[in-house]
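**Student:** Once you've had a glance at the structure underneath, I'll fire off some questions.
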Amino acid sequence: MKNRLFFLLLAVTAGLLAWGTYQALYVAPAEATMGDAQRIFYYHVPAATAASLLFWVNFVASIWYLWKRSPVADAIAVAGAEVGVVFFSVVLISGPIWARYAWGTFWVWDARLTTSLILWLLYVSYLILRKSSELGSTSVLAASLAVFAAMDMPIVYMSNRWFRTNHPQPMIGTPNLNHDMQTVLLWNMLAFCMFAILIAWFRFELERTSQTINQLHIRKAAQGVSMAMLVPIPALLSAKPAMLLLAKKAAFFGMSAMFFAHKKLTMFLLQTSGADDLAHEKLVQHHYMVAGYVAVWTIYIGYLLLLMNKLRKLHQEEREMRAS
Amino acid sequence: MSLGVARLTSVNLRKDLRLEWRSRDVFNSMLFFALLVVVVFSYVFDASAEEARRMMGGLIWIAFLFSTIMALNQSWARELRNGVLDAYRVSPAPPEALFLGKCLGNFLFVLLLECLMAPLFVIFYNLRALGNVWLLLPIFLLGTWALVVNGTFFAVMSIRTRSRELMLPLLLLPISIPAVLMMVTATSAVLTGEGSPVPQIKFLAGYCVIFTTVSFLLFDTVLNAE
Amino acid sequence: MRQLSLELEAGRFYVLRGENGAGKSTLLRMIAGLSEPTEGRILVYGLKNKEAFPHMGYMAHAPLLYDELSGMENLRFFAELYGITADEPLMYAMQRVGLDPNLKRRIGQYSQGMRQRLSLARAIFHSPRLLLLDEPFSNVDPDSALQIARLLAAMRDEGNTIILVTHQVGLLSSLADEYVLMSRGQLADRGSLKVHA
């Protein structure tokens, strides 16, 4: 049942991502000053939204964990934080690429960017804490840190808003979007948020399986006797193809986006055989756009590969347990 | 109950002070370390008085931050050696008293370091504040408390991790960024005489209140996370 | 630890035995309130173990004391944690374990045997009804060990309950009442020790 829902959502998300990317590359009108480089906007902003959403999830799950000590809450918290970090990495990489073209500088200490960076740092430290803490105390410590991080975030935002006045405050965020751009943005928003939720869900199941296997290890060590290993390993994961599909889908999109982009580029080059300034400028814009896509999809695919690896290891552990 | 916490906090504090006094080796090394930091920084960031005033805020607080982390790293060391922390946890004494006592002890210790380092900075850079010098007092007090309260809390967290000494700065730095920003801009405002540091001071006060409360509430949970 | 259900009687001296990793220390720490079981409850004299702290004394392989303080200074600190401000119970405890209360030496300079005896004093000065000891005899000279063991038996005679984790059962075979054997995180056996005496 859950399996089917997942695959259904997978198909839907794949469709949405395709649609969104197509819209971003072809349908959305080129922006006045920045041209095609501005198209980075269409996955930069949704990634930021998705990441913020996931961090909220982490915060709520952490509080729930501190109150009820439920392993489900803990698994949700991990999934939220990890996938959130991935999406925020996308934001922090695509942002500067865009900024380099738009304002000539990679980085600016304005309120939003700084907040994003610090949020990223906080959650990376969260993940590191989880990795290096003793078994048994991990969840509690991490949850406490999450509460601290959540308390800190509004403070960070406000402090930057009010006090970094000696730095230029460029106008990021919503430039005057005309209606078409808004529509494209919304489609991509939907697509990427679903993408994020799907990956987070997968990560959640991975974590639950890992928890179950750990429990079994403990029980096995205590009992020393072969148990009827009717472990309810979530059906989602016993279907390895699920992961492969996800990875394939991601690869497909990355490549197709690059292909479209490059196609556009070559078409454009063919049209304007003269090397005038405008053509040169457009070329540069294209480069930035492609660079953005490459960087971002590398991150997504990289993370998915990591998850696949984890899944493989879990399967291996499960096999070892059944064997002994 | 709250009277009990206050009394026990003072008990803990006095015990820490006495222990610190007895084993002065740590104390001495920290003082020397603080001196070294000032010298190295002053040497590397060689600047005229005019330039110095602009960057002094940042420089001083980086130096303080660095020293604070070194000092905090061993703040729980005495409790861990010989397992005294367990004895405390098994007693009916409230853990919050332990936390506050530790914070106050660390606070006094770090303040002492700062009192040593600040005059040295003034000497090396020939500093003269163009703004209201007395405002430096609340800035230093609030800023130090902000660092110490979070630092003491994260130091307890790092007890249960591998690479304990690394975990503390890793956890402390991101959380402290807004507070450090406040301290730096406020100090710069006082030194250069441009702008008022009062909003930053208010902000720091708010920060201290929020994080002292959160640490206070979560300390018991984190202490007993086993 | 696996599922475990254990009921112990007050006023008896129990020895908790088992091979390494059987879970003896873990169980003791759970009773002491230092570790949380994932499920279940622990009751001490009818109270939840965390509410029974004033009636419990804990001693471990580590001395649980500050090296830089003297004997009485250490005890005075811990006494404050229990709300005891007078010196008499502390001096009495020190005398019972065979230490001189007037010794101003820092305990960092004590021998291991003296340190463990002071640790015991720290565990008993508030007259707890339940004493929990985790391998208290490690690295302790035989004389001190015997002295500690005899004192524990005397406390049992006064009506207190003692639970002691140790490998050195021989030392206690004539003093303790019952043994509880643990294996692989669960209860394996229990029985009276007096039979062997």
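Bear in mind that the values in this text are calculations on the coordinates, not laboratory data. Computed from a predicted model, the values in this text were never measured in an experiment. Reconstructed Cβ throughout: ideal geometry from the backbone, glycine too, with neighbour counts over all protein chains shown.
**Student:** Placing +1 on the Cβ of each Lys and Arg and -1 on the Cβ of each Asp and Glu in region B:2-223, which of B:6, B:174, B:208 has its Cα farthest towards the positive end of the resulting dipole?
**Tutor:** Value: B:6.
**Student:** Using only the alpha-carbon atoms of region B:2-223 as identical scatterers, what base-10 log of I(q)/I(0) does the Debye formula give at q = 0.07, 0.09, 0.15, 0.18 Å⁻¹?
**Tutor:** -0.23, -0.38, -0.99, -1.33
**Student:** What is the average number of partner chain Cβ atoms found within 10 Å of a Cβ in B:92-103?
**Tutor:** Mean partner-chain Cβ count within 10 Å for B:92-103: 2.
**Student:** Using a 10 Å cut-off around each Cβ of peptide C:57-63, what is the average number of partner chain Cβ atoms that fall inside?
**Tutor:** For this peptide, the per-residue mean of nearby foreign Cβ atoms is 4.
**Student:** Cβ under 10 Å from residue C:62's Cβ, residue C:62 left aside: what net charge do those residues give with Lys, Arg +1 and Asp, Glu -1?
**Tutor:** -1
**Student:** Okay, next question. Please find the FRET efficiency linking residue C:154 to residue A:70, where r is the Cβ-Cβ separation and R0 is fixed at 60 Å, and quote it to the nearest 0.05.
**Tutor:** Values: r = 47 Å, r/R0 = 0.79.
Computed FRET efficiency for residue C:154 and residue A:70 comes out at 0.80.
**Student:** To continue, here is another question. Relative to the compact globular guide of 2.2 N^0.38 Å, what is the alpha carbon radius of gyration of the protein assembly as shown, as a ratio? Kindly include the intermediate steps, with their values, before the conclusion.
**Tutor:** On the way: Rg = 31.3 Å, N = 747, 2.2 N^0.38 = 27.2 Å.
Compared with the compact-globule rule of thumb, the protein assembly as shown sits at 1.15.
**Student:** Still on this structure, please answer the following. Please give the calculated 222 nm ellipticity per residue for the protein assembly as shown, where each DSSP H segment of at least 4 residues contributes -39500 (n - 2.57) and the sum is spread over every residue; nearest 500 deg cm²/dmol?
**Tutor:** Estimated from H runs of four or more residues: -23500 deg cm²/dmol.
**Student:** What FRET efficiency comes out for residue B:196 versus residue B:111 if R0 is 25 angstrom and r is the Cβ-Cβ distance? Round to the nearest 0.05.
**Tutor:** About 0.55, to the nearest 0.05.
**Student:** Here is a further query. Shielding of B:163-172 by partners, i.e. mean partner chain Cβ atoms within 10 Å per residue?
**Tutor:** Details: counts 2, 1, 0, 2, 6, 0, 1, 6, 9, 1.
Other-chain Cβ atoms within 10 Å of each residue's Cβ, averaged: 3.
**Student:** Follow-up. On the first, second and third principal axes, largest extent first, how far apart are the outermost C-alpha atoms of region B:135-226 in Å?
**Tutor:** Projected onto its principal axes, the Cα set of region B:135-226 covers 50, 25, 17 Å.
**Student:** Across region A:86-150, what fraction of all alpha-carbon pairs, as a whole percent, falls in each successive 10 Å bin from zero upward?
**Tutor:** Spelled out bin by bin, region A:86-150 gives 20, 40, 23, 14, 3 percent.
**Student:** Which whole DSSP H helices in chain C pass both tests: a Cα extent of 15 Å or more along the axis and a mean Kyte-Doolittle value no lower than -0.5?
**Tutor:** C:71-81, C:112-124, C:142-157
**Student:** Also: Rank-order A:94-104, C:182-192 by packing density, defined as the average count of other C-beta atoms within 10 Å over each peptide's residues, highest first.
**Tutor:** A:94-104, C:182-192
**Student:** If you line up the long axis of helix B:95-125 against the longest principal axis of chain B, both from Cα atoms, how many degrees apart are they, to the nearest 10?
**Tutor:** 20
**Student:** If you don't mind, there's one more thing I want to ask. Output the Cα-based Rg and Dmax of region C:13-196 in Å, rounding Rg to one decimal and Dmax to a whole number.
**Tutor:** Just the Cα atoms of region C:13-196 yield Rg and Dmax of 16.1, 47 Å.
**Student:** Another one. Using a simple spin-label model with points 7 Å from Cα along the Cα→Cβ vector, what separation in nm is obtained for residue A:11 and residue B:133?
**Tutor:** 7.8
**Student:** Provide, as a two-decimal number, the C-alpha radius of gyration of region B:1-93 over 2.2 N^0.38 Å, N being how many residues it has.
**Tutor:** Normalised Rg, Cα atoms only: 1.53.
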